[in-house]
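The next block holds one structure in the form of structure tokens; read it before the comments.
The values are calculated or read from the model by the stated rules, or taken from the named source; none is laboratory data. Values in this document were obtained by computation on a predicted structure and should not be read as measured data. Quick reminder, even Gly has a Cβ in these numbers, built from the backbone with ideal geometry, and neighbours come from all protein chains shown.
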Amino acid sequence: MISRRFESSPPAPGCFAGALRRAPLVGLLALASPLRALGSDTLAVSVEPSTVSLGGLAVVRVGGHGVRGTFEGKPLRFFTAGGGGKAALVGIDLEHPAGRFPIEVFAGRERARTELAVLESEYPEERLTVPPAYTAPDPATLRRIEREQQRLAALWERSGAERSWRGAFLPPTDGAPGSPFGLRRFFNGEPRSPHAGIDFRAPRGAAVRAANRGRVALADDLFFTGKTVVVDHGCGLFTLYVHLSRLATRAGALVDKGQEIGKVGSTGRATGPHLHFAARVGEARIDPAGLLGRDPAAIGEGGTR
Ligand SMILES: [Zn+2]
């Protein structure tokens, strides 16, 4: 219901990572109008949901202008939300520790603080067998892996300043979801990173579509993920499409929701044709199932006014 309501959301104004936007006039205005002095115009911040599981997504909402903020000391990327306030996504990485973590926001000389609670989560194990090159790579391959990891790490820092997505996210292919998010994985008996996405069962060559509007941040052939597309939806939100047999877009392209960007395949470390679909908020690996059928900009909207 919520996703339908926001399906026709208006063009999204820009987001900004706070530090880029300051409000130098606020101090002068406070001097000029004593009735609006500090404390009479307190900054209100909320986060919904206030408790999330690993891989979960929350939205920080703040009323006011020139808002900056951080989660665990890292900048939040605010966009203008329905109703005129500012909102920013917070993603909880699937290996994040449990506990309570601070969210701080600032506007001029005002500041406010709240907390996000992260729950402990348990995931089943999955054991897979792949060619030995994927668990015991040679030195040249190790250097390639390192280069690719650095390249990806740099991507998560450079999300577009505009919120590009519109309304709910769509499934990226027609197949049924298979392996879920978070499985603790063993390849050839050795523990490796947990499963940071969901797998759709689909035949080789089936169309892979952008789950929402965005800018292609990467379309390339990588060692572990094979032919891979990363779409930057702005304000820190990314989706990834992995193990493709063919790329049908290129880096820098603006893609629409539902636009074909490649074909299902089994390139990289895959045991057979399927689509591995993943999502990030900055560097945090989140459960992409939490995006499907939902507009993340609408999380908690209406509950805070
Ligand atoms: Zn997968």
Criterion: at pLDDT 95 or above and within 19 Å of A289 (Cα to Cα) - qualifying residue of R166, R204, R184: R166
Residue check for G226: more than 12 Å from the ligand (Cβ to nearest atom) and either polar (S, T, N, Q) or in the same structural domain as G167 (by TED's automatic domain parsing) (or both): no
Tally of residues being within 30 Å of K86 (Cα to Cα) and outside any strand (DSSP E or B) across the range 163-183: 10
Qualifying strands (runs of 3 or more DSSP E) (wholly inside the range 76-160; at least 1 residues being over 19 Å from R285 (Cβ atoms), touching a residue at least 24 places away in the same chain (Cβ under 8 Å) and among the aliphatic types (A, V, I, L, M)): 86-91, 99-107, 110-118
Candidates T267, T239 - the one that is farther than 21 Å from E162 by Cα and modelled with pLDDT of 95 or more: T267
Failed condition for G300, given (1) more than 16 Å from the ligand (Cβ to nearest atom); (2) under 27 Å from S121 (Cα atoms); (3) in a strand (DSSP E or B): (3)
Sole exception among (1) within 16 Å of the ligand (Cβ to nearest atom); (2) more than 21 Å from the chain's Cα centre (by Cα) for P171, by number: (2)
Restricting the range 184-204 to residues that are buried (at least 18 other Cβ atoms within 10 Å of the Cβ) and in a loop (DSSP other than H, G, I, E, B), the residue that is nearest to the ligand (Cβ to nearest atom): H195
Residue list for the range 284-294, filter: among the hydrophobic types (A, V, I, L, M, F, W, C) and not in a strand (DSSP E or B): A289, L291
Selected residue (only one of R151, R144, R113, R184 is among the basic types (K, R) and outside the structural domain of R280 (by TED's automatic domain parsing)): R113
Options A219, A251; residue that is small (G, A, S) and crowded, with 17+ Cβ neighbours inside 10 Å: A219
Tally of residues being within 9 Å of the ligand (Cβ to nearest atom) and part of a strand (DSSP E or B) across the range 258-283: 5
Count of residues meeting criterion [in contact with a Phe, Trp or Tyr (Cβ under 9 Å, 6 or more places away or on another chain), surrounded by 21 or more Cβ atoms within 10 Å (Cβ to Cβ) and of a type in the set (F, W, Y)] in the range 156-183: 1
Test: L244 is under 28 Å from K74 (Cα atoms) and modelled with pLDDT of 95 or more: no
Inter-residue pairs, beta-carbon under 7 Å, first free of Cβ contacts under 8 Å to residues at least 24 places away in the same chain and in the range 265-280, second surrounded by fewer than 22 Cβ atoms within 10 Å (Cβ to Cβ) and assigned to a loop (DSSP other than H, G, I, E, B), 6+ apart: G272/S266
